[in-house]
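The values are calculated or read from the model by the stated rules, or taken from the named source; none is laboratory data. Small disclaimer: the values here were computed from a predicted structure and weren't measured. Here the Cβ positions follow ideal geometry from the backbone for every residue, glycine too, while neighbour counts run over all protein chains shown. For the accessible areas, the whole protein counts, side chains as well, though only heavy atoms, and no ligand, DNA or RNA atoms are used. Shrake-Rupley method; radii C 1.70, N 1.55, O 1.52, S 1.80 Å.
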Amino acid sequence: MDERKLHEILGQDLEVPNMVNKKLEEVYALVEQRERPGKRRRVRPLRTVLIAAAAVALLCGSAAAAYDFYVRQSVPVDPDQTVQGIVGNGQPSWTQQVVDAPDGGKPRHYPNREVVRSDTALAEGLLGAYLPESGYQWQLEDYTLTVEGYVLDESTSTAKFYYTIEHPGGFGEGAVDWTHGLLNSDVYKPYLQFETKSDVDPSFFGGRAYVDLERSTQEKLYIVESAAGFGGWKAEDGLRIRFLLQGELHEEGLRIYRDDPSLDVYLDLPGVESLPVVSAVDPVTGDTVQLSVIGLKVGCEDLDMIGCVALEYADGTRYTVYDSTSNLDNADYGLGDGESPNMVARYVFNRLVDPSQVAAVVVDGQRYEVG
C-alpha cells in the first residue's frame, strides 16, 4: 500500500471497535501531553492519526489484529430510484391467503394488502430535501451494504431506510419470498438493526423489511425497511446500524439455536432534517393525531383494540391504513408504545401520503380534522 492509498483510506469515516477507541484516546492524551479527554474527537489531523495508529498497534499488540476497520464510503445514488424505493413502488399487492410451512411448521397468514404506485416527481418533491447528501457504503466480509437513502420523522417516531445488500452467489435457497417480497430469517443471514444516537432508552427502531422486487436480483437485494421507534429522539443526532451475520440455524428436537455470528459490528449514519408533520384535531374532544409523508401517531387505549384507521383526502378518496373487518393491512409496520389503557399507536404507511391533501384521519369512527 502506497502513501497515496493510505491517505485515501484515512480520509474516510471509520467504524472502530470500542476497545480500539479507548486505546486511541489514551494515545492522543500521551501525544498531546494532557489528560485523556472526556469526549472522543470526531476529526483529527492526518499526522496525529498516523502516530496514534502506530501507537495503538503497540498498545493493543495482537488484540488489535483481531479487529477490522470498516470504511464508510460516500457513493452517488439516483434520487428518483431512491424515493421510489422508499415509498414502496417496487412492492406487490396480494389477497389474503394462508401458506403452509414447507417443514410442517406453523402456517403463515397474509392479510389483504394494497400497494398504490406513487408519482416520482411528487415523491421527490415531498422527500428529496430530507434525504442524506449521498449514499453510504461498507464492505463487510464478502457482503456489500449500501444505504441509498433514508427519511426520519421524529414527531411520529417513524422512519424509512432504503438499502442494498450484495453477496456473490446469492443468499441461499429460500432466503427471499419472491412472491410477497419478504425475507426468510431462517435462511437469510444478514441482520440489520437501526438505532438512534439520541440519548433515549430504548434507542432501537422496530421494523419490517420489504424486498423491492422490481430492482432486486439473486445476488443483489434492494430493501426498504419501514420502522418506528419509541419517541424522544432527534433526526439530527444521527443513527447507528447494527450489522450482524447470523450463524447457522440448528434444530435438535425441541431445541432451536444458532451458531455465533461471524460478524457483529456497528456502523454510523449522519443525521438529517426531520420530516414536517401536520396535526389533525377531533373538534368535539380536542384530541389530536399527527401525520407526515411516511407515518401516523395516534393515542389509543390499546393498539390491538384498534379496528380501523383511514385517511380521507380532500378529493373524496380514501386510504385505508388498517381494517380488521376486511382483514386489510396497508401499513408497512405498526408499533404500540406504552401500556393499556394509555398507549400510542404508530403506523408506517405503505405508500406516499401528501399531508396537504389529507382532510381527515378517522380511527374507529372518531374523526380528526386537518386544518
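Note on exposure: Thr146, Thr285 ranked by accessible area (1.4 Å probe, complete protein assembly) read Thr285, Thr146, with the most exposed listed first.
Sort Lys106, Lys234 by accessible area with a 1.4 Å probe, largest first.
Lys106, Lys234
Here Ser198 sits with roughly 10 square angstrom of accessible surface, probe radius 1.4 Å.
To the nearest 20 debye, what charge dipole does the stretch 140-182 have about its Cα centre, counting +1 at the Cβ of each Lys and Arg and -1 at the Cβ of each Asp and Glu? Each step should come with its number before you reach the end.
Working: 1 positive and 8 negative charges, 27 e Å.
Here the size comes out at about 120 debye.
Once the Cβ-Cβ distance between Ser262 and Trp94 is put in as r, and R0 is 30 Å, what FRET efficiency do you end up with, to the nearest 0.05? Efficiency, rounded to the nearest 0.05: 0.30. With a ≥ b ≥ c taken as the square roots of the eigenvalues of the C-alpha gyration tensor of the stretch 225-311, please select rounded if a/c is under 1.5 and otherwise prolate if a/b is larger than b/c or oblate if it is not? Oblate. For a modelled paramagnetic label at Leu245, 7 Å from Cα along Cα-to-Cβ, the residues of the stretch 185-228 in reach, with backbone nitrogen under 13 Å, are 189-191. Computed over protein heavy atoms with a 1.4 Å probe, the carbon and sulfur contribution to the accessible area of the stretch 248-342 reaches 47%. Working note: Cα gyration tensor of the stretch 251-371, eigenvalues times five, square-rooted, sorted largest first, giving semi-axes of 33, 20, 15 Å.
The fraction of accessible area contributed by carbon and sulfur in the stretch 147-215 is 43 percent, rounded to a whole number (1.4 Å probe; ligands and nucleic acids excluded). The alpha carbon centroids of the stretch 155-188 and the stretch 289-311 are separated by 26 Å. Karplus-derived 3J(HN,Hα) values for the stretch 331-343, using 6.51 cos²θ - 1.76 cosθ + 1.60 with θ = phi - 60°, are 9, 5, 7, x, 9, x, 10, x, 10, 4, x, 10, 10 Hz; glycine and proline are entered as x. If you sort His250, His180 by accessible surface, 1.4 Å probe, largest first, the order is His250, His180. Taking the Cα centre of the stretch 129-233 as reference, the dipole from Cβ charges on Lys and Arg (+1) and Asp and Glu (-1) amounts to some 120 debye.
One decimal place: the segment Arg367-Cys308 gains 20.1 nm when fully extended, by the rule 0.36 nm per residue minus the C-alpha distance. Taking the Cα centre of the stretch 283-352 as reference, the dipole from Cβ charges on Lys and Arg (+1) and Asp and Glu (-1) amounts to some 260 debye. With protein chains left intact and a 1.4 Å probe, residues in the stretch 279-355 average 42 Å² of accessible area per residue.
Compute the Cα gyration tensor for the stretch 79-170, then decide on rounded, prolate or oblate, letting a ≥ b ≥ c be the square roots of its eigenvalues: rounded whenever a/c is under 1.5, prolate when a/b is larger than b/c in the other cases, and oblate in all that remain. Intermediate results must be reported in sequence, preceding the final value.
Details: a/c = 2.24, a/b = 1.30, b/c = 1.73.
It comes out oblate by the Cα gyration axes.
Using heavy atoms of the protein chains and a probe of 1.4 Å, the accessible area assigned to Glu252 is about 100 Å². Here the gap between His109 and Asp186, fully extended at 0.36 nm per residue and compared with their Cα-Cα distance, gives a gain of 26.0 nm.
Using the Cβ-Cβ distance between Asp282 and Ser74 with R0 set to 56 Å, the FRET efficiency works out to roughly 0.80.
Going toward the positive end of the dipole of the stretch 234-371, with +1 on Lys and Arg Cβ and -1 on Asp and Glu Cβ, which of Ser356, Tyr368, Gly299 do you reach last? Value computed over the given set: Ser356. Each residue was assigned an accessible area with a 1.4 Å probe, and for Ile294 the value is about 10 Å².
Could you tell me which of rounded, prolate or oblate describes the stretch 204-253, using a ≥ b ≥ c as the square roots of the eigenvalues of the alpha-carbon gyration tensor, with rounded for a/c under 1.5 and, failing that, prolate when a/b is larger than b/c and oblate otherwise? Don't skip to the answer; put the middle values down first.
Numbers: a/c = 2.35, a/b = 1.33, b/c = 1.76.
Oblate, because a/c is 1.5 or more while a/b does not exceed b/c.
Taking Cβ atoms as reference points and 9 Å as the exclusive limit, the residues near Leu192 contribute a net charge of 0, counting Lys and Arg as +1 and Asp and Glu as -1.
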